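Presented below is the structure to which this report refers.
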Amino acid sequence: MRFPPRITRIGTAAAVLSALLIGGTVTATPAAAAVGSICYSDLPSQAYDTLDLIEQGGPFPYSQDGTVFQNREGILPSQSTGYYHEYTVITPGSSTRGARRIVTGEEYQEDYYTADHYASFDLIDYDC
């Protein structure tokens, strides 16, 4: 049985619950509402390879992997510059990097998947 590489990571829901329990505030933004979710088991097999490389710290197939993702589209929850990093999910048959990426968030250690070059994002749910 294959276990997800980030099984120990807390999800966004756990972070929100934690903030509420200790008296913090949680603000929902329209951009955050646009983020969907995807089960870890529903990811393409190449995404598993990318997640494994992220856990291992590389080496990555493209020089752009691990660079800061700016969130210019404003789809992901607003965070400070440097919070998000992007990694290529190889697309079989593509002569370029293709459109698929994993974008990671630092503080809550969340992982997002996009199959359409940042037009939409799904938070990876490791519990399904």
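Residues are listed down the side, and each one gets a yes or a no for (1) part of a loop (DSSP other than H, G, I, E, B); (2) on the phi > 0 side of the Ramachandran plot; (3) surrounded by 13 or more Cβ atoms within 10 Å (Cβ to Cβ); (4) at pLDDT below 95:
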position: A31; (1), (2), (3), (4): no, no, yes, yes
position: T50; (1), (2), (3), (4): no, no, yes, no
position: F60; (1), (2), (3), (4): yes, no, yes, no
position: E107; (1), (2), (3), (4): yes, no, no, yes
position: I124; (1), (2), (3), (4): no, no, yes, no
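Give segment 66-82 a look and list any residue that's assigned to a loop (DSSP other than H, G, I, E, B), surrounded by 11 or more Cβ atoms within 10 Å (Cβ to Cβ) and more than 13 Å from the chain's Cα centre (by Cα), or say none.
Q70, E73, G74, S78, Q79
Given the conditions (1) of a type outside the set (F, W, Y); (2) more than 18 Å from Q109 (Cα to Cα); (3) modelled with pLDDT of 95 or more, report the number of the one that L76 does not fulfil.
Exception for L76: condition (2).
Can you tell me which of I10, I102 is touching a helix residue (DSSP H, G or I) at 6+ places or on another chain (Cβ under 9 Å), surrounded by 11 or more Cβ atoms within 10 Å (Cβ to Cβ) and modelled with pLDDT under 90?
Result of the check over I10, I102: I10.
The values are calculated or read from the model by the stated rules, or taken from the named source; none is laboratory data. This structure is a prediction, so every number in the text was calculated from the model and none was measured. Note that we place each Cβ from the backbone using ideal geometry, even for glycine, and neighbour counts take in every protein chain shown.
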